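Below: the structure, in structure tokens.
Values quoted throughout were computed directly from the atomic coordinates according to the rules given, and no laboratory measurement underlies them. None of the values given here were measured: they were computed from a predicted structure. Neighbour counts are summed over all protein chains in view; Cβ atoms, including those assigned to glycine, are modelled from backbone coordinates with ideal geometry.
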Amino acid sequence: MRYRAKPGQVSYGEAIGILLLDSCAPFIPGDVANASTFSFPVRFQRVPGLSVERIFNHDLTLLDDVIEAARELKKNGVRAISGDCGFMALYQHELAERVGLPVFMSSLLQVPFMNHLIGKKEKIGILTANAGSLNSEVLRLCGADFPDRLVIGGLENSPYFRSAFIEENGELDREQVENEAVSTVQKMVENVPEIRLLLLECSVLPPYGAVIQQATGLPVFDYVTMINYVYNAVVKQRFNGFM
């Protein structure tokens, strides 16, 4: 078999590219910004200036920088591009139009699919980093503009989560953030027992998905479920077995 080099590409084998916020926090295993979360290589690209504060405020002034970062990932051989913040939904359609690769920027893109899995009177619970920022426009951009089906809980006022990921103090108390996430979801389910599925919007929340599932007994979707799903579409595996 013969292989050909691609002009300008100096490394290979990274099918999924991930655009990162310009933030500073301990990204532990399970976090989208930790490469050991995945069973396959990923390639990261930071977007300079795209801070947590700016994404929460729906700042579109960095759109060109986001597109440039996505094109850099494409130049280095990725087959599909994701993000590490659910609010990157703000850039979804522009990137899909202008990058020329499959783009799936927000974990919230899973909500329309999830909506087909449950009955008409049942609901989807969304745990988000900032409930105030998760408005109807963000949901609309993800095809999730059916508010009567959604129950949203936010962590923006949870002290340990806020300190680590919004104020970015450089430290993470994993157990305390886990407790805050589980407690918030449990209250959501207690208040709205019609919740049948859960989605973790924020890319730092997948490390707590297993405990949340254990506490609620519900299926839990997050960024990692989405990235694994797309990876298996762009890198098909041959099957080996016997009859």
Whole-Hz ³J(HN,Hα) for each residue in the stretch 145-150, computed from phi via Karplus 6.51 cos²θ - 1.76 cosθ + 1.60 with θ = phi - 60°, x for glycine and proline: what do you get?
8, 9, x, 5, 9, 10
Report, by chain and number, residues whose modeled amide H sits under 5 Å from the one on Leu197, excluding near sequence neighbours (fewer than 5 apart, same chain).
Lys123, Gly125
Relative contact order in percent for the stretch 108-222 (Cα pairs under 8 Å, 6+ apart) equals 31 percent
Distance histogram in 10 Å bins (all Cα pairs of the chain, percent per bin):
7, 32, 36, 19, 5, 1, 0
Mean-square fluctuation check for the chain, GNM, Cα pairs under 10 Å: which of Asp84, Asp31, Asp145 is largest?
Asp145
With N residues in the stretch 108-222, Rg(alpha-carbon) / (2.2 N^0.38 Å) equals 1.02
Quote the relative contact order of the chain in percent (integer), defining contacts as alpha-carbon pairs under 8 Å separated by 6+ residues.
22 percent
What angle, in degrees between 0 and 90 and rounded to the nearest 10, separates the Cα long axis of helix 63-75 from the longest principal axis of the Cα atoms of the chain?
50 degrees
Roughly how many Å is it from the Cα centre of the stretch 41-80 to that of the stretch 157-187, as a whole number?
25 Å
Ordered by fewest other Cβ atoms within 10 Å, a rough proxy for footprinting exposure, Thr61, Thr37 read Thr61, Thr37
Distance (nanometres) between label positions extended 7 Å along Cα→Cβ at Lys121 and His93
3.5 nm
Would you list which lysines come within 30 Å of Lys187, measuring only between C-alpha atoms, while excluding same-chain residues fewer than 8 positions from it?
Lys120, Lys121, Lys123
Okay, helix-only estimate at 222 nm for the chain: each DSSP H run of n ≥ 4 adds -39500 (n - 2.57), divide by all residues, round to 500 deg cm²/dmol; what do you get?
-8500 deg cm²/dmol
Under 15 Å, Cβ to Cβ, from Val10 - net charge with Lys/Arg +1 and Asp/Glu -1
+3
Derived scalar couplings ³J(HN,Hα) [the stretch 91-102; Karplus, 6.51 cos²θ - 1.76 cosθ + 1.60; whole Hz; x for Gly, Pro]
9, 3, 6, 5, 5, 4, 6, 10, 9, x, 9, x
Where does the longest stretch of the chain lie that holds no GluC sites (Glu not before Pro) found in a DSSP loop with 16 or fewer other Cβ atoms within 10 Å?
1-121
Which cross-chain or sequence-distant (5 or more) residues have an amide H under 5 Å from the amide H of Ser51, H modelled 1.01 Å from N in plane?
Asp22
Step through the residues of the stretch 177-189 one at a time and calculate ³J(HN,Hα) from phi using the Karplus curve (6.51 cos²θ - 1.76 cosθ + 1.60, θ = phi - 60°), rounding each to whole Hz and writing x for Gly and Pro.
5, 4, 4, 5, 5, 5, 4, 5, 5, 4, 5, 4, 6
Under 5 Å, built H, 5+ apart or other chain: amide partners of Phe44
Ile18
